[in-house]
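What follows is a short report on a single structure.
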Amino acid sequence: MVQDRAEVLWQPSPAQVAESNLERFRIRARVSTGRDLSGHHQLHDWSVNRRDEFWGQLAEFAGVDFSTPPARIKGPDQMPGTEWFKGARLNLAQNLLSRRDEKIAIIYRDESGQQRSLSYRQLELDVAAAAAAMRRRGIGPGDRVAGYMTNSPETVIAALAAISIGAVWTACSPDFGSDGAVARLGQVRPRLVFASDCYSYGGRQFDCRGAAAALAGIDSVDEVIQVPYQPESDSSGGDGDWQGFLAEGAGAAPMYAQLPFDHPCYILYSSGTTGAPKGIVHGAGGTLLQHRKEHLLHCDLRASDVVFYGTTCSWMMWHWLVSALAEGSTLVLYEGSFGHPDMWAMWELAADLGVTVFGTSAAFIEACRSRGVAPRRRYGLGGVRAVLSTGSPLSPDGFRWVYENVGSDLLMGSISGGTDIISCFVLSNPTRPVRAGEIQGPGLGMDVAAFDEQGREVVGQRGELVCRRPFPSMPVAFWDDPDGSRYRAAYFDHFDGVWRHGDFIQFGSDGSCVIYGRSDATLNPQGVRIGTAEIYRPLEEIEWIDEAIAAAYVDGGVERIGLFLVCRTEPDDDWRARVRNAIVDAASPRHAPSLIRRVSGIPVTRNGKKAELTVRDVLAGRRPGNVAALANPECLADFEQIAREIANA
């Protein structure tokens, strides 16, 4: 990409290029528009300079089902505020459920090995029944329906049922404690909540009924429907349980509310680094188009594919995975720890179920590499034709490990975007070579670049990842932000009229890129975004903790959480276990720090803010750039010593 460019690990054959959806789209668009789209660079230039043509052509190619076609594809450019597909009416759930036969839509497995499946026909019938039961309760367009749910077929059914009637789906997984769930779901005032009764993680079962009771206490909630972790345990068939709920709508015909292109469909949440997590509202049309583009063109999904992504319903990758129903693919939902009982488990799952597209986090791949896992030696993985990685940057050695240990003829797609856009800015390309450590390029229709601090585009050096022109999956709004001020401040205050995403990135002249991490303090262990505030809150109940600061550090190529404490009194001998258990109980096992150390002081700025980025830089062996802004720079000596210990471990 730039100096000392990494080696090519995979090159698609001419036949693979010719047979790809991306190549078929390029040829179709060239013929339809008469423009010079002779190669991928020309195609991308056209997609950002003629966005009305591109997005219109994409909708036709993907077969998007509009009940009322758009009068205009794109209004005048505004960042934010561009109007897309004016006058169009559609329903996201209807577009995802266009296949109605006996093909398997979903295969579910949990970490105990229990497995069940659901056909496309049965999925639509269950969605119709759930939607009818919602309508009986007066749920309609714009109402919020929430899930505190495991990664199960019931979660997909509830979400699609809500969207089918125009309600807005919002969810968090039950590994969040009650405080985390209420902080997210409570702020959007849901009327109906679906809650799993328990979940398993790492061979242990956790009871969720206390959190469900806390959610029932939200004043907007009319009812909580209990969803059993094991369906056979739901035998009462009465009010307030899943089977009773479905029975209310049994036999109902599928009905889909026809709504404007930007009608809200999902509310996702920011990481919660400062205060309550922000609710980010996404529209149905933009979500559908972006996901169809990425699935069809960038990941080359087919109806014949069996698609796995290691995710929970809290992460945007769950929504991304569910949208693969539009391709007629089979989805694999896995509930539990991806490393239980060991790091071979997900590869065994892929072999057993015939997975062809395997999606995971960079942290998972790095963990497999560091522990000597070599799945192709043990399992038949010849059907895997793509491995997708997101959540954090994947190292060059991580790329090499995939080609050496999973398969030599596959697309290793490192993809990056986020909750903010429910999609990707930069990602894979099945028609271009894969190089170790590099993302292949920007998404079509995404006018991305690296900016220096003066707002100038830079190539061949690191800068802030920005997007200069609007795209359909920009958030409709932030929740409870009537004047849009928080929305604008989040993305547009740094560079006027340009989306600043918060990643450090370096582009090459061919569009390939490397991301060097976040430019904020969000933690990313196991590819799951975690805000430091969620770690600090449980510590307030521990009497001997005076101050705390959390920061990311890298050990063995994997990002981990470090937690550093100032103690007001001498703690007990098992103080680390107490701290870790408090965080797990209030948040989730993923929030547990890998490193917990006592320090003499916590660095703060002169206005009293914790200097989390400074600690992160010191732990990485970098000289922090804001020492002059600290009120107590002398306390960094402790962190410098810890950094040396990490480096020498």
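Since every read-out is calculated from the coordinates, none of them should be taken as a lab result. Keep in mind it's a predicted model, so treat the numbers as computed, not measured. Heads up, the Cβs are rebuilt from the backbone with ideal geometry, glycines too, and the neighbour counts pull from every protein chain shown.
Potential lengthening of the chain between SER408 and GLN205 amounts to 69.3 nm, from the contour at 0.36 nm per residue minus the alpha-carbon distance. Amide H contacts of SER414: SER389, GLN440, each under 5 Å away and 5 or more positions distant or on a separate chain (H built 1.01 Å from N in the peptide plane; Pro and chain starts excluded). Spin-label model, GLU248/ARG24: points 7 Å from Cα along the beta carbon direction are separated by 4.2 nm. The distance from the alpha carbon centre of the range 368-447 to that of the range 287-318 is 14 Å, rounded to a whole number.
Between VAL459 and SER117, the C-beta separation translates, for a Förster distance of 56 Å, into a calculated FRET efficiency of about 0.70.
For ASP197, the amide hydrogen comes within under 5 Å of the amide hydrogens of VAL227, TYR229, counting only partners 5 or more places away or on other chains and with H modelled in the peptide plane.
The stretch between ARG568 and ALA6, if pulled fully straight at 0.36 nm per residue, gains 197.3 nm over its current Cα-Cα span. Per residue, the average separation of C-alpha pairs within less than 8 Å and at least 6 apart gives the chain a relative contact order of 13 percent.
Please compute the contact order of the range 530-648 in relative form: average sequence separation of alpha-carbon pairs under 8 Å and at least six residues apart, divided by the residue count, as a percent. Could you put the intermediate results ahead of the total?
Numbers: 169 pairs, mean separation 27.2, N = 119.
In percent, rounded to a whole number, it is 23.
The alpha carbon gyration tensor of the chain gives principal lengths a ≥ b ≥ c with a/c below 1.5, which makes the shape rounded. The HN-Hα couplings worked out from phi for the range 465-480 by the Karplus form 6.51 cos²θ - 1.76 cosθ + 1.60 (θ = phi - 60°) are 6, 10, 10, 8, 9, x, 9, x, 9, 4, x, 5, 5, 8, 5, 6 Hz, whole numbers, x standing for Gly and Pro. Residues whose amide H lies under 5 Å from that of TRP10, counting only those 5 or more places away or on a different chain, are VAL434; hydrogens are built 1.01 Å from N in the peptide plane. Modelled spin-label separation between THR82 and ALA577, with each label point placed 7 Å from Cα along the Cα-to-Cβ direction: 5.6 nm.
Please say if the range 120-257 is rounded, prolate or oblate, where rounded means a/c under 1.5 for a ≥ b ≥ c the square roots of the C-alpha gyration tensor eigenvalues, and otherwise the choice is prolate for a/b larger than b/c and oblate otherwise? Oblate is the answer for the range 120-257, as a/c is 1.5 or above yet b/c matches or exceeds a/b.
Our estimate of slack between ARG35 and SER370, defined as 0.36 nm per intervening residue step minus the Cα-Cα distance, is 115.8 nm.
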